[in-house]
Ligand code: C2E
Ligand code: CA
Ligand code: CA
């Protein structure tokens, strides 16, 4: 069994490392209390433990031990007179059914543990052949990603963000596309999480930033002088004091690109999980003039405290709210409430995923300033986006003359 404590990093970050150490020691004791004398428990590193159940052990026995472990973990920990709740995720692989070598057995148990985390933590999960295929698929994508970076298989598309009051394109969101030489177009949802986990996202984002910033510079100079393009960022990029993101502001200045030309999108979860570090980075780049948008607003650990405490420029209402809105339902009420709240806080709202006239009408009437979605435009290649900018700028010129 591989046992990993859920959200151990949060405990370390919020209560300090000595509290984390106490929790690890107490966890080890609790594990020992659940297993038999001849079983083995070892700490592999960090908050990960390995438990070896030795001898003939039936499936029901293993499950009993697993449940006992979860229950024991769920009892509150008292650290510094505080009561702390903590859970664990367990992955199980069986010898000889799932693997016959130690390395593979461990890797498979680890894989099972990851699936337990993905399923919502606090659970025990058994290795299956399916997981093996999933695992191999991920490894293959990872390998291909490394090649994709060197062979420039990525390109950016731009989805217009439209001012709902005058239908002008005010902004755009840059979205990455991966054209795989054999597998065709691979959607970002299939590779961004893998790139994040492996840290490759930092390198990919550097490429994205360079592409987008050169592009926005050209478009601003040629067609639309106040165009702003937003770039999606991942939590990984805020580690190490967010050096990468902070350097972006400097890089724009060095190339005479106004910092207002770029906005960055972050998800609420980043603010929750990584508070102090992320907030410092965001404060710094905002002072330099780069705007900050909260992406997928309403789907994460939505907390009003960050709206109160940190300066934010845009909220993007998640498409799940926009798309399930209908007259008098709760989603419509939520959209309306988000728009009112944001306006009082001087934050502009961008509604995502607008697909119908009805949704657009409702949002406009509710006072939402910006919209994005298939109804207004799909994400476009840079040439197609440029055509829209040309059309828009010639309209303005004819109006003036
Ligand atoms: P996101 O940031 O929420 O991006 C919006 C997604 O919604 C895009 O999917 C876009 O094509 C899609 N979309 C736009 N309008 C509509 C609509 O009316 N209906 C529906 N059903 N969908 C709409 P895409 O391009 O597949 O990207 C998926 C996610 O992948 C993004 O979600 C973002 O989290 C991530 N991603 C995409 N490009 C990048 C990137 O360059 N860097 C990073 N770090 N993440 C990216
Ligand atoms: Ca986004
Ligand atoms: Ca979004």
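Things worth noting here:
- The chain: calculated mean residue ellipticity at 222 nm from DSSP helix runs of at least 4, using -39500 (n - 2.57): -16000 deg cm²/dmol
- Tilt relative to the chain, helix 382-400 - C-alpha long axis, 0 to 90 degrees, to 10: 30
- FRET E, pair residue 146, residue 177, Förster distance 22 Å, beta-carbon r, rounded to 0.05: 0.80
- Degrees separating the helix 188-197 axis from the principal Cα axis of the chain, which is the longest one: 50
- Förster radius 51 Å - calculated FRET efficiency between residue 361 and residue 100 (Cβ-Cβ, nearest 0.05): 0.20
- Potential lengthening of the chain between residue 288 and residue 256 amounts to 10.2 nm, from the contour at 0.36 nm per residue minus the alpha-carbon distance.
- q = 0.22, 0.28 Å⁻¹: log10 I(q)/I(0) that the Debye formula gives for the stretch 299-363, counting C-alpha atoms only: -0.94, -1.33
- The stretch 183-248, Cα convex hull volume normalised per residue, Å³: 111
- Gain on full stretching of the segment that runs from residue 122 to residue 10 - 0.36 nm per residue minus C-alpha separation: 38.8 nm
- Per-pair calculated FRET efficiency, R0 = 35 Å: residue 323 and residue 197 via Cβ, rounded to 0.05: 0.75
- Distribution of pairwise C-alpha distances over the stretch 321-401, 5 Å bins, in %: 3, 14, 20, 17, 15, 13, 11, 6, 1, 0
- Spin-label pair residue 139-residue 167: with each label point 7 Å from Cα along the Cα-Cβ axis, the two points sit 5.4 nm from one another.
- The stretch 252-401: radius of gyration over Cα atoms, expressed as a fraction of 2.2 N^0.38 Å: 1.17
- Mean silhouette area of the chain, derived from the convex hull of its C-alpha atoms and averaged over all directions, reads 24.0 nm².
- Residue order for 248, 207, fewest other beta carbons within 10 angstrom first, comes to 207, 248.
- Computed from Cα atoms alone, the Kirkwood hydrodynamic radius reported for the stretch 133-227 is 15.0 Å.
- Remark: spin-label model distance residue 225-residue 334 equals 4.2 nm, labels positioned 7 Å along the Cα→Cβ axis.
- Debye intensity ratio in log₁₀ form over the Cα atoms of the stretch 185-322, taken at each q of 0.08, 0.09, 0.15 Å⁻¹: -0.21, -0.27, -0.77
- Overall Cα dimensions of the stretch 75-120 - principal axes, largest extent first, Å: 46, 20, 14
- Debye intensity ratio I(q)/I(0), log10, the stretch 2-127, q values 0.10, 0.18 Å⁻¹ (C-alpha model): -0.30, -0.94
- Kirkwood analysis of the stretch 1-75, using all unique Cα-Cα pairs, places the hydrodynamic radius at 13.1 Å.
A short reminder: the numbers here are calculations on the coordinates, not readings from a lab. As the structure is a prediction and not an experimental result, all values here were calculated from the model. Note: ideal-geometry Cβ built from the backbone for every residue, glycine included; neighbour counts use all protein chains shown.
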